[in-house]
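The values are calculated or read from the model by the stated rules, or taken from the named source; none is laboratory data. Values in this document were obtained by computation on a predicted structure and should not be read as measured data. Counting neighbours? That spans all protein chains shown, and the Cβs are built from the backbone with ideal geometry, glycine included.
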There are 2 protein chains.
Amino acid sequence: MRTYLDCVPCFVKQTFDACRMVTSNEVIHEKVVRRVLAKTAQLSFDDSPPHMAREIHRIIRKECRNDDPYRTMKTHFNEFCLSLMPRLRKRISGSADPFETAVRIAIAGNIIDPGLSNTLDDARVTATIDDSLRRPLAINHLEALRDAVANAKRILYLGDNAGEIVFDRLLVEELPFERVTFAVRGKPIINDATREDARVAGLSDMVRVIDNGSDAPGTILNTCTQSFLRVFDHADVIIAKGQGNYETLNDVDRPLYFLLKAKCSVIAADLGCEIGSIVVKGTNVTH
Amino acid sequence: MRTYLDCVPCFVKQTFDACRMVTSNEVIHEKVVRRVLAKTAQLSFDDSPPHMAREIHRIIRKECRNDDPYRTMKTHFNEFCLSLMPRLRKRISGSADPFETAVRIAIAGNIIDPGLSNTLDDARVTATIDDSLRRPLAINHLEALRDAVANAKRILYLGDNAGEIVFDRLLVEELPFERVTFAVRGKPIINDATREDARVAGLSDMVRVIDNGSDAPGTILNTCTQSFLRVFDHADVIIAKGQGNYETLNDVDRPLYFLLKAKCSVIAADLGCEIGSIVVKGTNVTH
C-alpha cells in the first residue's frame, strides 16, 4: 500500500511523541522534527507507510541517542496485558467459539499503537476488548482462516506490537501450535514486538520464535533476512497482525490472513470499511 | 506566542486540505506538501503559528495557482451565518444581558476554522452556538470589557474568519458602533475575513472598515501597514477575535481583549484552560 499525504501529520506527531518519551530537552525535540520534516519531503510516497516510518525512526533513535525509545511503553503494556491473561483465557475457553473469541481478542490488542494516540491507557485497552468481542467483523474471512489453519502444516504468525503480543499468544494457544512459527521484528522499531517481547509473553517456550531481521514497523520483504524469507515462502498460512503488516504485504501473493483494527482513515478507506472496524481478511478469499 | 511542535501536524494537514479544495491533481498535492515540509523544516519556531502559516499558505497559493483557495468555503459560511442572523438577533435582544449574549455568539463563530477540522458543517456551527451560550467563560473579563467599551472613544475590532464575521457584526451592533473601526486581513489567507467578507456581513455600511495590509492569519504588527498601525496604536480598546490574533498579539502591551474559543491543546495549555473553553481575556486585567 502506498503512503498517503494524510499519513504525514501522523509521522510528525509520532516524531515528537517519541522524542518526548526519552528526553525533555526541547532543543533535541526541535532538531529531530526538523530533520524528519526535511527527510519526509524527500521520501517516495509510492512506498508504504512503514517504509517511511523506518527512515523517520532511524533519525529519532540516532538523534535522541536511544536505541529503543518505546522500551518503557512496551514493558508497561506487556505487563498490563499479562495481568489480563487469566481472565481472558477463561473468557475464551468459556465461549461458544473459542477460536473466534481468541481472534477477536488478538485483534483488540491491535489498539496498543502509539502512532494512533498518546492518550492510550489501560482503560482504553479493556474497553477495546469488550468492543471487539461484540462488534461485527467488517470483513469476515474467519471460516476461511479456520479451515486454512486446520489444514496447514506450516503456520507463520507475524506479530505486531508489544502488549498486543500477549493477546497473540492467546490466539496461538487456540491454533495447532506445534505447527506455528511466530515472527517478530528484527530490531526495536516504535513499539513493535521483538524477541524480548515474545519471551515475556511466554511465546518462546511454546512455539518457534524467529525475527525478520528488519527495523521496519511492518514486513518489508526486501529488508528481511533470507532465513525469515524461507519460512515466509514455505508457510501454508500466514497470519499477519496489524496495520503495518497489512500496509507492507497487502499486494503479496501468499496465503495471508490479515487480522487488524482499522485505526485511521487511510487504512479504513483502503479496506472499504469504517474507522474502528475489525477485520479478518484473507488474500484471494472471496467467501 | 511561539510555535510548538504540536502545531506542525496541523500545518501539514491544512496544506493538503487546502490543495484538495482547489485541485484534484494528486501530483500537485504531493508537490505542495513536499515544499511545505521542506520550508517548515527551516522556519523559526520562535515565531508564532501565524508567521509559519503565512509562509506555508504562500506556497500553497503559488503552487496551486489560486489566490484564494478558501473562497468557496468563505462564501458558504458567510451565507450560512447570514441565514442565522434574524434568529440570533432576536436571541440577543430577548436575553437578560444582550451584550454578554452577543459576546458569546461572536465567540461561537470562532469555530469556523478549517485549520481545526475538515468535518466542520452547518450543524456543528449551530451546536457550538448553543454550547457557547451555556458554557461558563473559562477566563471571564467580560465586565472589564463592558466598562472599557463604555468609556472608550476609539474601539478597534480585529476580525478573524469569514462566516464568523457575521456574528462579529451582531456584537458590533451591541457596541457604541459609531466609535468602532473594524479591521480585516489585507489579503486572502486561509478563511480569514477580508474586505469582501466585511461587505457581505453588512459591516461596511455600519462602521469604518480597514484592512491591515497583511497576508498573515493573525496580526503580525511588522507586516501591517502604517495606516493600520496608527489606528491600532490610538485605540482605547482593541477587541481581538480568534486564535490567530491571540497568538500574534498576546505579548503586545495594548488594551486588548481576546475573544476566542480554545480549539487546540497548544492554545488551551497557553491559556491554562481546557480544549473547547470560551474565553474573554483582557491584557492586564486582574479582576
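Hey, can you tell me all the residues within the range B:42-51 that are more than 8 Å from chain A (Cβ to nearest Cβ) and under 15 Å from A:VAL33 (Cα atoms)?
Result: B:LEU43, B:SER44, B:ASP46.
Does the range B:42-66 hold any residues that are of a type outside the set (A, V, I, L, M) and either assigned to a helix (DSSP H, G or I) or crowded, with 22+ Cβ neighbours inside 10 Å (or both), and which are they?
Here is the first cut: in the range B:42-66, the ones of a type outside the set (A, V, I, L, M) are B:42, B:44-51, B:54-55, B:57-58, B:61-66.
Residues satisfying the conditions are B:SER48, B:PRO49, B:PRO50, B:HIS51, B:ARG54, B:GLU55, B:HIS57, B:ARG58, B:ARG61, B:LYS62, B:GLU63.
Give the range B:129-143 a look and list any residue that's surrounded by 14 or more Cβ atoms within 10 Å (Cβ to Cβ) and farther than 21 Å from B:GLU247 by Cα, or say none.
Listed by number, the residues that qualify are B:ILE129, B:ASP131, B:SER132, B:LEU133, B:ARG135.
Which of the residues that make up the range B:179-196 are assigned to a strand (DSSP E or B) and under 13 Å from B:TYR157 (Cα atoms)?
B:VAL180, B:THR181, B:PHE182, B:ALA183, B:VAL184
Among the residues of the range A:70-94, which ones are over 13 Å from A:ALA162 (Cα atoms) and surrounded by 15 or more Cβ atoms within 10 Å (Cβ to Cβ)? Write out each step before concluding.
Here is the first cut: in the range A:70-94, the ones over 13 Å from A:ALA162 (Cα atoms) are A:83-94.
Listed by number, the residues that qualify are A:LEU84, A:MET85, A:LEU88, A:ARG89, A:ARG91, A:ILE92.
Test A:THR15 against the stated conditions and say whether it is surrounded by 22 or more Cβ atoms within 10 Å (Cβ to Cβ), touching a Pro at 6+ places or on another chain (Cβ under 8 Å) and either at pLDDT below 95 or among the hydroxyl-bearing types (Ser, Thr, Tyr) (or both).
no
Can you name the number of the only condition in (1) within 26 Å of B:HIS234 (Cα to Cα); (2) buried (at least 24 other Cβ atoms within 10 Å of the Cβ) that B:ASP147 fails?
Unmet condition: (2).
Inspect the range A:161-171 for any residue being of a type outside the set (Asp, Glu), within 18 Å of A:GLY282 (Cβ to Cβ) and assigned by TED's automatic domain parsing to the domain that holds A:ASP97 and give the result as yes or no. Explain how you work it out, then say what you get.
Applying the first criterion (of a type outside the set (Asp, Glu)) to the range A:161-171 yields A:161-163, A:165-167, A:169-171.
With the extra rule that they be within 18 Å of A:GLY282 (Cβ to Cβ), the set shrinks to A:171.
Among the residues that remain, those that are also assigned by TED's automatic domain parsing to the domain that holds A:ASP97 are: A:171.
Taking every residue of the range A:161-171 in turn, at least one turns out to be of a type outside the set (Asp, Glu), within 18 Å of A:GLY282 (Cβ to Cβ) and assigned by TED's automatic domain parsing to the domain that holds A:ASP97.
Working carefully through the options A:ARG185, A:ARG154, A:ARG87, A:ARG91, find the one that is without any contact (Cβ under 8 Å) to a residue 60 or more places away in the chain and touching an Asp or Glu at 6+ places or on another chain (Cβ under 9 Å).
Result of the check over A:ARG185, A:ARG154, A:ARG87, A:ARG91: A:ARG185.
Scan the range B:118-125 and give yes if some residue there is part of a helix (DSSP H, G or I) and at pLDDT 95 or above, otherwise no.
The answer is no, given that none of the residues of the range B:118-125 is part of a helix (DSSP H, G or I) and at pLDDT 95 or above.
Identify, please: which residue in the range A:207-239 is in a loop (DSSP other than H, G, I, E, B) and small (Gly, Ala, Ser) and is, among those, surrounded by the fewest Cβ atoms within 10 Å (Cβ to Cβ)?
A:GLY213
Could you list, in sequence order, all residues of the range A:195-206 that are free of Cβ contacts under 8 Å to residues at least 60 places away in the same chain and crowded, with 20+ Cβ neighbours inside 10 Å?
Across the range A:195-206, the qualifying residues are A:ALA198, A:LEU203.
When the residues of the range B:21-41 are narrowed to those that are in a loop (DSSP other than H, G, I, E, B) and more than 7 Å from chain A (Cβ to nearest Cβ), which ends up farthest from the chain's Cα centre (by Cα)?
B:ASN25
Restricting to the range B:150-173, count the residues that are surrounded by 24 or more Cβ atoms within 10 Å (Cβ to Cβ) and of a type in the set (D, E, K, R).
Matching residues across the range B:150-173 total 4.
Give me a count of the residues in the range A:1-14 that are assigned to a helix (DSSP H, G or I) and at the interface with chain B (Cβ under 8 Å from one of its Cβ atoms).
5
What are the residues in the range A:252-280 that are part of a loop (DSSP other than H, G, I, E, B), within 21 Å of A:PRO114 (Cα to Cα) and in contact with a strand residue (DSSP E or B) (Cβ under 6 Å, 6 or more places away or on another chain), if any?
A:SER277
The conditions are (1) more than 14 Å from chain B (Cβ to nearest Cβ); (2) in a helix (DSSP H, G or I); (3) in contact (Cβ under 8 Å) with a residue 40 or more places away in the chain, and A:PRO69 fails exactly one of them. Which is it?
(2)
May I ask you to verify whether B:ALA18 is small (Gly, Ala, Ser), away from chain A (no Cβ under 13 Å) and not in a loop (DSSP other than H, G, I, E, B)?
It is false that B:ALA18 is small (Gly, Ala, Ser), away from chain A (no Cβ under 13 Å) and not in a loop (DSSP other than H, G, I, E, B).
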